[in-house]
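I have placed the structure first, in the form of structure tokens, so that the comments after it can refer back to it.
The values are calculated or read from the model by the stated rules, or taken from the named source; none is laboratory data. Note that the structure is a prediction, hence the values are computed from the model and not measured. Because the Cβ atoms are built from the backbone with ideal geometry, glycine has one as well, and the counts that use them run over all protein chains shown. Keep in mind that these areas ignore ligands, DNA and RNA; they rest on the heavy atoms of the full protein, side chains included. Shrake-Rupley method; radii C 1.70, N 1.55, O 1.52, S 1.80 Å.
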Amino acid sequence: MKTVSHWIGGKSVEGTSGELGPVTDPATGAVTTQVALASAEEVDTAVAAAKAAYATWGTSSLAQRTAILFRYRALLDARRDDIAALITAEHGKVHSDALGEVARGLEIVELACGITTQLKGELSTQVSSRVDVAAIRQPLGVVAGITPFNFPAMVPMWMFPLAIACGNTFVLKPSEKDPSAAVLLAELAAEAGLPDGVLNVVHGDKVAVDALLAHPDVAAVSFVGSTPIARYIHTTASANGKRVQALGGAKNHMLVLPDADLDAAADAAVSAAYGSAGERCMAISAVVAVGAIGDDLVARIRERAEKIVIGPGTDPASEMGPLITRAHRDKVASYVTGAAAQGAEVVLDGTGYTVEGYEDGHWIGLSLLDNVSTDSDAYRDEIFGPVLVVLRAETYEEGVALINSSPFGNGTAIFTRDGGAARRFQLEVEAGMVGVNVPIPVPVGYHSFGGWKDSLFGDHHIYGNDGVHFYTRGKVVTTRWPDPADAPTGVDLGFPRNH
């Protein structure tokens, strides 16, 4: 059986811990690959390689970095089908969705290619007699990224291209559930000319994560995952003196006002709730129907959901694939089976779904729960599967209050034809990313991605300007050069005068 190895110092390195994890094809349920799980000592080796590379990469020219990144972007574009195929094989999402993931990751590579404009400093001349002040940004050193299973290519590309463009070196710990895409990304970076040790990949579980969080040579940690783990990452890494951006979970709401185009709203709800089998932090998992439109909206959502084709990601006819593991599939199903007892109406129950010829796959159908209460498990928890809950509100104000009472604040959307209501919503709703008639408001690469409340721990959002600031630190330099015509002024112990 194939074993996925680490990538350290510009080459594939076999694991030495003796620990291996299974990698499963979600469509068949079969273990197809095994992945080496790093020990703390192996993490030390990766960090040491990154630290050694930083000695020259941190002072490399912007021209050198961007030339490599432009070549890297071309290689990624040429190999996007191969990257997508690995995602489908190990995550299970359909090939078209996997291609979309690669495309969104490429946006950040393109942003990194333009890092020369992002790293321009500031200069103020003649702030005092012959005194100039400059503000510059410099890299941090060795930085680490810990990424989730649901976007095994995109989320790593949200991190390391920008980090290395800023002059840092990087240690990536991808999900051990679908690790192969990360290795291919590193191999292509080496092919583009990235020096050995600038980008390293170590696979592993909590042992590897904790080693990165405690390592004295790791200056910063980026993380995307669930809220409990994001909180742990932030607390632990901060206690060890590291800069941290930890993006957590979500319960994204879509507020549908009575004047909305209900067909467009239903299309958006189905797309945003069930795309990628609901395994994305920007999925719409809760629809809030305002006024008397609830029954009509639910009927339209059901009509569309029943037509979604579920099957293996390698089948071009499939619109939704399986879930990542059987354990996760069973957990998602438990929210549906327990919903009626907590007062919900089960409009669609997908828990018994199977695919002929793939009976051992991690299948679940689309589920739709109506009249869900805010104290039910299906509403309170991030399910991370194809389960959409519908809540009712009498007024706009009641709907916004319901959304704002959630502990999560990742993304949200409103569907309406009323510009005034939309403007109120974008100012009043407590979430980091807002869509107006846009169900999944993921920002483009040159704006930053991140939520509020329990959806983000740390001060910086990911990529965009926030990403550049996270991976650099500011320095202010004040200079005075004597003019040959100046007479000696002697010693002055007073405070420097600017006037």
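Residues being closer than 14 Å to Thr16 by Cβ and of a type in the set (Ser, Thr, Tyr): count how many of those fall in region 27-42.
Within region 27-42, residues that are closer than 14 Å to Thr16 by Cβ and of a type in the set (Ser, Thr, Tyr) number 1.
So, in region 103-122, how many residues would count as being farther than 21 Å from Ala63 by Cβ and either in contact with a helix residue (DSSP H, G or I) (Cβ under 9 Å, 6 or more places away or on another chain) or among the aromatic types (Phe, Trp, Tyr) (or both)?
Initial filter on region 103-122 (farther than 21 Å from Ala63 by Cβ): 103-107, 122.
Cutting the leftovers down to either in contact with a helix residue (DSSP H, G or I) (Cβ under 9 Å, 6 or more places away or on another chain) or among the aromatic types (Phe, Trp, Tyr) (or both) gives us 103-107.
Matching residues across region 103-122 total 5.
Give the number of residues within region 446-473 that are in a helix (DSSP H, G or I) and surrounded by fewer than 21 Cβ atoms within 10 Å (Cβ to Cβ).
Going through region 446-473, the residues in a helix (DSSP H, G or I) turn out to be 464-470.
Going one step further and asking which of them are surrounded by fewer than 21 Cβ atoms within 10 Å (Cβ to Cβ), we end up with 465-466, 469.
Residues flagged as in a helix (DSSP H, G or I) and surrounded by fewer than 21 Cβ atoms within 10 Å (Cβ to Cβ) within region 446-473 amount to 3.
Counting only residues that are among the aliphatic types (A, V, I, L, M) and either open to solvent by 10 Å² or more (accessible area, probe 1.4 Å) or touching a residue at least 40 places away in the same chain (Cβ under 8 Å) (or both), how many does region 166-180 have?
The number of residues fulfilling the criteria is 1.
For region 293-311, give me each residue that is open to solvent by less than 10 Å² (accessible area, probe 1.4 Å) and assigned to a loop (DSSP other than H, G, I, E, B).
Correct list: Gly311 only.
Among the residues of region 334-364, what is the count of those that are within 25 Å of the chain's Cα centre (by Cα) and not hydroxyl-bearing (Ser, Thr, Tyr)? First the steps, then the outcome.
Applying the first criterion (within 25 Å of the chain's Cα centre (by Cα)) to region 334-364 yields 335, 362-364.
Narrowing the set further to residues that are not hydroxyl-bearing (Ser, Thr, Tyr) leaves 362-364.
Final tally of qualifying residues: 3.
In the set Gly92, Gly18, which member is touching a residue at least 40 places away in the same chain (Cβ under 8 Å) and assigned to a loop (DSSP other than H, G, I, E, B)?
On the way: Gly18 fails: touching a residue at least 40 places away in the same chain (Cβ under 8 Å).
None of the others qualify; the one that does is Gly92.
Is there a residue in region 247-258 that is out of contact with any Pro (no Cβ under 6 Å at 6 or more places or on another chain), free of Cβ contacts under 8 Å to residues at least 60 places away in the same chain and surrounded by fewer than 19 Cβ atoms within 10 Å (Cβ to Cβ)?
yes
Looking at Val224, Val209, Val198, Val183, can you tell me which residue is open to solvent by less than 10 Å² (accessible area, probe 1.4 Å) and at pLDDT 95 or above? Can you show your working first?
Details: Val224 fails: open to solvent by less than 10 Å² (accessible area, probe 1.4 Å); Val209 fails: open to solvent by less than 10 Å² (accessible area, probe 1.4 Å); Val183 fails: open to solvent by less than 10 Å² (accessible area, probe 1.4 Å).
Unique residue meeting the criteria: Val198.
Tell me the residue from Pro161, Pro156 that is in a helix (DSSP H, G or I), open to solvent by less than 10 Å² (accessible area, probe 1.4 Å), touching a helix residue (DSSP H, G or I) at 6+ places or on another chain (Cβ under 8 Å) and more than 30 Å from Val31 (Cα to Cα), please.
Values: Pro156 fails: more than 30 Å from Val31 (Cα to Cα).
Just a single option satisfies the conditions, and that option is Pro161.
Quick check on this structure: which one of Ala50, Ala46 is touching a Gly at 6+ places or on another chain (Cβ under 7 Å) and touching a residue at least 60 places away in the same chain (Cβ under 8 Å)? Quick ask: steps written out before the conclusion?
On the way: Ala46 fails: touching a Gly at 6+ places or on another chain (Cβ under 7 Å).
Answer to the selection: Ala50.
Any chance region 73-84 includes a residue that's closer than 23 Å to Pro312 by Cβ, over 26 Å from the mean Cα position of the chain (by Cα) and of a type outside the set (A, V, I, L, M, F, W, C)?
Pass one, region 73-84, residues closer than 23 Å to Pro312 by Cβ: 79-84.
In the following step, the residues that additionally are over 26 Å from the mean Cα position of the chain (by Cα) were identified as none.
No: region 73-84 contains no residue that is closer than 23 Å to Pro312 by Cβ, over 26 Å from the mean Cα position of the chain (by Cα) and of a type outside the set (A, V, I, L, M, F, W, C).
Restricting to region 415-433, name every residue that is part of a helix (DSSP H, G or I) and open to solvent by 70 Å² or more (accessible area, probe 1.4 Å).
Listed by number, the residues that qualify are Arg423, Arg424, Gln426, Leu427, Glu428.
Does at least one position in region 56-75 carry a residue that is in contact with a helix residue (DSSP H, G or I) (Cβ under 6 Å, 6 or more places away or on another chain) and free of Cβ contacts under 8 Å to residues at least 24 places away in the same chain?
Taking region 56-75 and keeping what is in contact with a helix residue (DSSP H, G or I) (Cβ under 6 Å, 6 or more places away or on another chain), we get 62, 65-66, 69-70, 72-73, 75.
Going one step further and asking which of them are free of Cβ contacts under 8 Å to residues at least 24 places away in the same chain, we end up with none.
No, region 56-75 contains no residue that is in contact with a helix residue (DSSP H, G or I) (Cβ under 6 Å, 6 or more places away or on another chain) and free of Cβ contacts under 8 Å to residues at least 24 places away in the same chain.
Would region 407-416 turn up any residue that is over 24 Å from the mean Cα position of the chain (by Cα) and among the small types (Gly, Ala, Ser)?
Within region 407-416, the first condition is being over 24 Å from the mean Cα position of the chain (by Cα), and the residues that meet it are 415-416.
From the residues that got through so far, the ones that are among the small types (Gly, Ala, Ser) too are none.
The answer is no; no qualifying residue exists.
Quick check on Ile462: is it under 26 Å from Tyr232 (Cβ atoms), among the hydrophobic types (A, V, I, L, M, F, W, C) and in contact with a Ser or Thr (Cβ under 9 Å, 6 or more places away or on another chain)?
Numbers: under 26 Å from Tyr232 (Cβ atoms): yes; among the hydrophobic types (A, V, I, L, M, F, W, C): yes; in contact with a Ser or Thr (Cβ under 9 Å, 6 or more places away or on another chain): yes.
Yes.
Taking the criterion of being closer than 30 Å to Val429 by Cα and more than 23 Å from the chain's Cα centre (by Cα), would at least one residue in region 266-276 satisfy it? Even if it seems obvious, please write down each step before you answer.
Quick first cut of region 266-276, residues closer than 30 Å to Val429 by Cα only: 266-276.
Checking the rest, the ones that are also more than 23 Å from the chain's Cα centre (by Cα) come to 266-267.
Yes, region 266-276 contains at least one residue that is closer than 30 Å to Val429 by Cα and more than 23 Å from the chain's Cα centre (by Cα).
In region 89-115, which residues are open to solvent by 10 Å² or more (accessible area, probe 1.4 Å) and either of a type in the set (Gly, Ala, Ser) or modelled with pLDDT under 95 (or both)?
Within region 89-115, Ala89, Ser96, Gly100, Ala103, Gly114 meet the criteria.
Testing Val31 on (1) under 19 Å from Leu172 (Cα atoms); (2) of a type outside the set (Phe, Trp, Tyr); (3) exposed (fewer than 15 other Cβ atoms within 10 Å of the Cβ), one condition comes back false. Which one is that?
(1)
Check Ile229, Ile233 and return the single one that is under 22 Å from Ser285 (Cα atoms) and at pLDDT 95 or above.
Working: Ile233 fails: under 22 Å from Ser285 (Cα atoms).
The match here is Ile229.
Could you list, ordered by first residue, the pairs with Cβ atoms under 9 Å in which the first is in region 474-499 and farther than 30 Å from Gly167 by Cα and open to solvent by 100 Å² or more (accessible area, probe 1.4 Å) and the second is modelled with pLDDT of 75 or more and charged (D, E, K, R), at least 6 apart or interchain?
Correct list of pairs: Pro482/Arg130.
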